[in-house]
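These notes are about the structure you will find just below.
The values are calculated or read from the model by the stated rules, or taken from the named source; none is laboratory data. Note that the structure is a prediction, hence the values are computed from the model and not measured. Here the Cβ positions follow ideal geometry from the backbone for every residue, glycine too, while neighbour counts run over all protein chains shown. Surface accessibility is based on the protein's heavy atoms, side chains included, excluding ligands, DNA and RNA. Shrake-Rupley method; radii C 1.70, N 1.55, O 1.52, S 1.80 Å.
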Protein chains: 2
Amino acid sequence: MNSGVSQNFIRIPKATFRAHIVDGLRNAILSGEIPPGAQVIESSLAAQFGVSRGPLREAMRQLIDEGLLVTVPYTGTHVVDLSVSDVREIYSMRVNLEIFAFEQVWSRRDQSFHEGLRARHAALTRCIDAEDDVASIDAELQLHGFVYEATGHQILLKTWESIRGRLQLYWAAHHRAHGIRGPRREGHDSYVENALGDDFEAMRTEIKNHMARGGEQTEEFLLGSESNTATQSDLAAGGSK
Amino acid sequence: MNSGVSQNFIRIPKATFRAHIVDGLRNAILSGEIPPGAQVIESSLAAQFGVSRGPLREAMRQLIDEGLLVTVPYTGTHVVDLSVSDVREIYSMRVNLEIFAFEQVWSRRDQSFHEGLRARHAALTRCIDAEDDVASIDAELQLHGFVYEATGHQILLKTWESIRGRLQLYWAAHHRAHGIRGPRREGHDSYVENALGDDFEAMRTEIKNHMARGGEQTEEFLLGSESNTATQSDLAAGGSK
DNA sequence: CTGTGATTGATTGTTGACAATCGATCACCA
DNA sequence: TGGTGATCGATTGTCAACAATCAATCACAG
């Protein structure tokens, strides 16, 4: 189609404000700069980002779809504060999605899959050994995200991304609030070994165990303290249950 | 709170334009009033709905997130035109989600679940017997949607809703284009029997078969004609793969 | 002191106009 | 004739002002 230019170009890093603001705002939320439960005011943020309320409003709407913000018409918008049941749902969904992901990718695991997985595992291990919890969380998300990308399944990948934000928000928030340690080494070694092995059923149980470990750890803290901060998120869910 | 009025109210019949427009626009797309591939112009629709471009823009952005529209900055917005691989992904994801849904609901199936499922099955059967294909499609979506709602799993339900639109778009579009008949009776009888039975594994295979039937039928038409209309949707996916 | 109704400040919803960008068309030149 | 660059209409992106709504406050009657 086009003349034979040298390299394949990046697909349009289009300079649209909204995309840039989404990243910035999401980062501010996930980093805890804007903590869970805090109110987010359009006009303030607009001034802070140096743009009008229009683009910022659309960016916020996207983060609402991602489950990071909740809004009540004419009243206000807040950073989501996950409830116990929300976290349970996230973990059960993760187990399901990840097993499905391996089901999809299992027969397609090639050299680059092996290398990619091991590289991310190594990166995660380095972060853990350096006791950099923030980087560890990010590295773990990278590790799991790599599997979803490897499936080539767009809808699956998008679904993973739709819960990844909330998972990250939860990890980061409770890490800061309760001093929970980041990911540990042991769990991921067996995870990767099984992921690259030949026994799919073993991988299935590995995923369930892997997630269960994380789930237990977090539920302890949730139930230990009385931090059943379900108010905002329940309001947001549409008033069910 | 309020004086003792008669009935319990619906949660917020809030008069926000955007919500109303989303429904109207989505309906226009799913009904085929705006066919796949057609361009959607903000200013035109704004005039048609009698509102400004602001709210309409946000409504469109939501339909973009739902996968019904695709947009290119400064250029235009079109109704999505699903590719073969898109349909394959939708069906494989459906199988996974629905098995997970029954996994979640299996031990909680009570009287109201039985009645609700049978009621929707009866409604679907009536629509099929009446040879009302449009109503049949809707009734089938209601039947499956009931299962997702019964799980009480908010994230799962939201995920189902995120692919339901595209599924409906696909069914409706190819029903009109190729004259494919709507849902048939046979498939759903065994589906419901298994859903209310005691054998979970039987239900698992039932789901796979149920979806496989639908998948085959549609793939025939997709591959039979050269309608690999992947252009728009591939562009939209963000240029991956 | 208690409950009720008006007031007010804050925040989001909505609007119309203006700016930036894209794609196609068309003139022009080698 | 083929290709290159400018022009133009169409469409989306952005902005600042205005309207609608809500939640808290406060005065006031019982």
> Evaluated at 25 °C with a viscosity of 0.890 mPa s, what Stokes-Einstein diffusion coefficient in µm²/s does segment B:11-146 have when Rh comes from the Kirkwood expression over alpha-carbon pairs?
Replying inline: 139
>> For segment A:71-94 and segment A:119-149, what is the centre-to-centre distance using only Cα atoms, to the nearest Å?
In response: 25
>> Buried accessible area between A and B (1.4 Å probe, both chains summed, ligands and nucleic acids excluded), in Å² to the nearest 100?
In response: 2900
> For segment A:50-101, what size does the Cα cloud have along each of its three principal axes, sorted from largest down, in whole Å?
Replying inline: 43, 24, 17
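Starting from the coordinates of the alpha-carbon atoms of segment B:84-224, obtain the Kirkwood hydrodynamic radius over all distinct pairs and give the value in Å to one decimal.
Values: mean 1/r = 0.0650 Å⁻¹.
Evaluated over segment B:84-224, this radius sits at 15.4 Å.
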> How far is B:PHE146 from itself in the other copies, in nm, if each label sits 7 Å out from Cα along the Cα-Cβ line, shortest first?
Replying inline: 4.6
> In segment A:42-64, which residues give up 50 Å² or more of accessible area once the other protein chains are added, compared with their chain alone (1.4 Å probe)?
Replying inline: A:GLU58, A:ARG61
>> What is the sum of charges, Lys and Arg at +1 and Asp and Glu at -1, for the other residues whose Cβ falls under 14 Å from the Cβ of B:GLU206?
In response: -4
>> What translational diffusion coefficient, to the nearest whole µm²/s, does segment B:17-79 have by Stokes-Einstein, given a Kirkwood radius computed over alpha-carbon pairs, a temperature of 37 °C and 0.692 mPa s viscosity?
In response: 288
